[in-house]
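Input: a single structure, listed below in C-alpha cells.
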Amino acid sequence: MTARMDVRYLCLAIVFLATGTRAPAISFVFDYNYDSAGFFSGANTNRRSTLEAAASFFETYLTDDLLVLDATNSGNPANTWAARFTDPSDGSSLRAITNLVVPADTLTVFVGARDLPGSAIGQGGPGSYWIYGTASWLETVIARGEMGALGPTTNDFGPWGGALSFDSGVNWYFDNDVSTIEAFPSTNDFYSVAVHELAHLLGFGLSPSFTRLVSGLSFTGAASVAEYGGDVPMYNSGHWLTNAMSSIFAGLGQQEAAMDPDLLVGTRKYFTDLDAAALTDIGWQLAIPEPPTFSLAAGLVAIMAMRRRLQRK
Ligand SMILES: [Zn+2]
C-alpha cells in the first residue's frame, strides 16, 4: 500500500517536471485603443475573453523565441522604428506607432470592428514597419531573431504583431469556454473567426515564407504536403480550397479546416492538423499536442448536423 502510493507520487512529480520545463510560449497582447466603435468595451467582456481564448490556442502550442523590440534600449541611440497597420475600425487610415515596445516572445495585436464589405466577417494580418538604424537593428525589427525570415530562401517569419477587424454588422456568438459545444443558430462563432484571423496574422497567406510555397492554386510546403498527401489545393493565395477537411488539432475527428475561406453560420471550427502544418511551413515551431479529449468529437457531431450557410472570412 505504501509502496504503491509512493509510485503514484513519483508519477505526479514527473508530470509536474515535464510541465515546468516546457519551452517559453508566444503571447498575444491585444490593444483596444483603435476600437473606436467600442465593440470590445463596456459590458461586452465576453468579447475580449473569447478573443483571448482563441489566442490561448496558439499560445499553448507556439514555442518560438522572438526578440524584444525596444528601440530605446537597443544599444544605439540612432535606432528607431514605427509599427504600421491599417486602422481596424475604419479600414483605411494607416496608423504608425513610433518605437512601440514589444516584449520578447510577444505579438502586439490592434483590434477593432467595423461593417466589413461584402460577406466578410473577419479580417486579419501582420503589420508592416518603418525602420532606421544599424544593420542588426533592422534585422531585429524585420525578423525578431528568426533568421530564416531574412532570406535568401525566406523560410521563417518573425512579425511584431498586426491588426484584426471583426464585422460589426452580423450576429455573433461569444463563448470563452470552447471545450463545450452549444447550439447557436443564426449566429457566427466568434472563436472560429478569431482563430482564423490570428492564423493570418501569423503569416498564413500573408508572409513571404508562405507565399514562396504557393504555386498557382496549390500549396507546396513540405509539412502541409505530408499532412494532406500531396500539394494542397487552394481557393486563393491565402486559403485552402473550400471544404478542405483535416483532423482537429489535439482533438478527435475530421472537420472542415480553419483556413478554408468560409464558416457555416451556427458552427464552430477548430484549428486542424492541416492548418497547423502550414504554420510549420511558415517557420513556426509547434509543441506536440496533449492527448485528445472527447468533447471535441462530440462537437464534430453537432457541426455535421447543422444547417449550411456560408460566410466568407
Ligand atoms: Zn481568411
ask   = Pairs under 6 Å by beta carbon, first residue under 14 Å from residue 83 (Cα atoms) in segment 129-151, partner part of a helix (DSSP H, G or I) and of a type in the set (A, V, I, L, M, F, W, C), six or more apart or different chains?
value = 129/141; 131/138; 131/141; 143/149; 143/150
message = Can you find a residue that is over 27 Å from residue 143 (Cα atoms), at pLDDT 95 or above, in contact with a strand residue (DSSP E or B) (Cβ under 9 Å, 6 or more places away or on another chain) and of a type in the set (D, E, K, R) anywhere in segment 245-259?
response = yes
query = Can you name the number of the only condition in (1) in a loop (DSSP other than H, G, I, E, B); (2) touching a residue at least 12 places away in the same chain (Cβ under 8 Å); (3) aliphatic (A, V, I, L, M) that residue 51 fails?
reply = (1)
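Rundown of residues vs (1) at negative phi; (2) away from the ligand (no atom under 16 Å from the Cβ); (3) assigned to a loop (DSSP other than H, G, I, E, B), yes/no style:
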site: 109; (1), (2), (3): yes, no, no
site: 117; (1), (2), (3): yes, no, yes
site: 149; (1), (2), (3): yes, yes, no
site: 152; (1), (2), (3): yes, yes, yes
site: 155; (1), (2), (3): yes, yes, yes
site: 158; (1), (2), (3): yes, yes, yes
site: 181; (1), (2), (3): yes, yes, yes
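Quick check on residue 108: is it buried (at least 21 other Cβ atoms within 10 Å of the Cβ) and modelled with pLDDT of 95 or more?
Numbers: buried (at least 21 other Cβ atoms within 10 Å of the Cβ): yes; modelled with pLDDT of 95 or more: yes.
Considered against the rule, which asks whether it is buried (at least 21 other Cβ atoms within 10 Å of the Cβ) and modelled with pLDDT of 95 or more, residue 108 comes out as yes.
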request  = Tell me which of these residue 229 doesn't satisfy, since it passes every other one: (1) more than 16 Å from the ligand (Cβ to nearest atom); (2) touching a Leu at 6+ places or on another chain (Cβ under 9 Å); (3) closer than 17 Å to residue 272 by Cβ.
outcome  = (2)
query = If you go through segment 262-282, how many residues are surrounded by fewer than 22 Cβ atoms within 10 Å (Cβ to Cβ) and not in a strand (DSSP E or B)?
reply = 4
key: segment 183-205 - residue that is outside any helix (DSSP H, G or I) and hydroxyl-bearing (Ser, Thr, Tyr) and, of those, nearest to the ligand (Cβ to nearest atom)   = 187
task = Could you please give the count of residues in segment 233-254 that are within 20 Å of residue 289 (Cβ to Cβ) and in contact with a Leu (Cβ under 6 Å, 6 or more places away or on another chain)?
result = 5
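Looking only at segment 67-107, count how many residues are away from the ligand (no atom under 16 Å from the Cβ) and part of a loop (DSSP other than H, G, I, E, B). Quick ask: steps written out before the conclusion?
To start, the set of residues in segment 67-107 that are away from the ligand (no atom under 16 Å from the Cβ) comprises 67-85, 87, 89-90, 92-107.
Going one step further and asking which of them are part of a loop (DSSP other than H, G, I, E, B), we end up with 67-68, 70, 74-79, 87, 89-90, 92-93, 99-101, 103-105.
So the answer is 20.
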query = How many residues are crowded, with 19+ Cβ neighbours inside 10 Å and part of a loop (DSSP other than H, G, I, E, B) when one looks only at segment 244-261?
reply = 9
remark   = Picked from segment 283-313 (must be of a type in the set (Gly, Ala, Ser) and either within 16 Å of the ligand (Cβ to nearest atom) or not in a helix (DSSP H, G or I) (or both)), the residue modelled with the lowest pLDDT is 287
query = How many of the residues in segment 207-226 are small (Gly, Ala, Ser), surrounded by 21 or more Cβ atoms within 10 Å (Cβ to Cβ) and either farther than 18 Å from residue 126 by Cβ or within 16 Å of the ligand (Cβ to nearest atom) (or both)?
reply = 2
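I'd like the residue in segment 125-134 that is part of a strand (DSSP E or B) and either among the hydroxyl-bearing types (Ser, Thr, Tyr) or in contact with a Gly (Cβ under 7 Å, 6 or more places away or on another chain) (or both) and, out of all such residues, is farthest from the ligand (Cβ to nearest atom).
Here is the first cut: in segment 125-134, the ones part of a strand (DSSP E or B) are 125-126, 128-132.
Checking which are either among the hydroxyl-bearing types (Ser, Thr, Tyr) or in contact with a Gly (Cβ under 7 Å, 6 or more places away or on another chain) (or both) leaves us with 125-126, 128-129, 132.
On the way: 125: 9, 126: 13, 128: 18, 129: 22, 132: 33 Å.
For segment 125-134, the residue satisfying everything is 132.
Restrict the check to segment 108-126 and report whether at least one residue is of a type in the set (D, E, K, R) and more than 30 Å from residue 187 (Cα to Cα).
no
The values are calculated or read from the model by the stated rules, or taken from the named source; none is laboratory data. These figures come from a predicted structure and were not determined experimentally. Cβ sites come from the backbone with ideal geometry, for glycine too, and all protein chains shown count toward neighbours.
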